[in-house]
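Read through the structure below, which is laid out as structure tokens, and then see the notes.
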Amino acid sequence: MTTASIPSTLGAARVLWANVDTGFWVAHRGGEYFGCVDAVSGGYVSRDAHGIPIGRYDALSAAKASLRTTSHPANTARRHRFERASVLTATAVGGTALAFALTAGALAPLL
């Protein structure tokens, strides 16, 4: 397991990296999960502590550095859009399931 530290601009705690599997690095900051970088064909994808993709990068160092900017307003806005889309999707799926259940209940006496 390889570890390296990168100073964080988000606070006094350093970001510590651990290569936990082939092509997969996990970051910890202040003892808490901070994000990860995954090797994919043609580059690296970084994800913040919420599992939301930050971006795709050609170099591992650029992917790791991108985690230091997760509090940037653009990343915060992206996370809010993703969360809002998740809520809307869950609401639509739940509404559809409710409609099917009510339809099944209404048609059951007719069978």
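Each reported figure results from applying straightforward, stated rules to the coordinates on display, with no laboratory input. Just so you know, these numbers come straight off a predicted model, no measurement behind them. Virtual Cβ from ideal backbone geometry, glycine too; neighbours counted across all protein chains shown.
For the peptides 82-92, 101-111, residues were scored by their other Cβ atoms within 10 Å and the scores averaged per peptide; the highest-first order is 82-92, 101-111. Taking the average, over residues, of other Cβ atoms within 10 Å as the packing measure, peptides 36-43, 14-21 rank 14-21, 36-43 from highest down.
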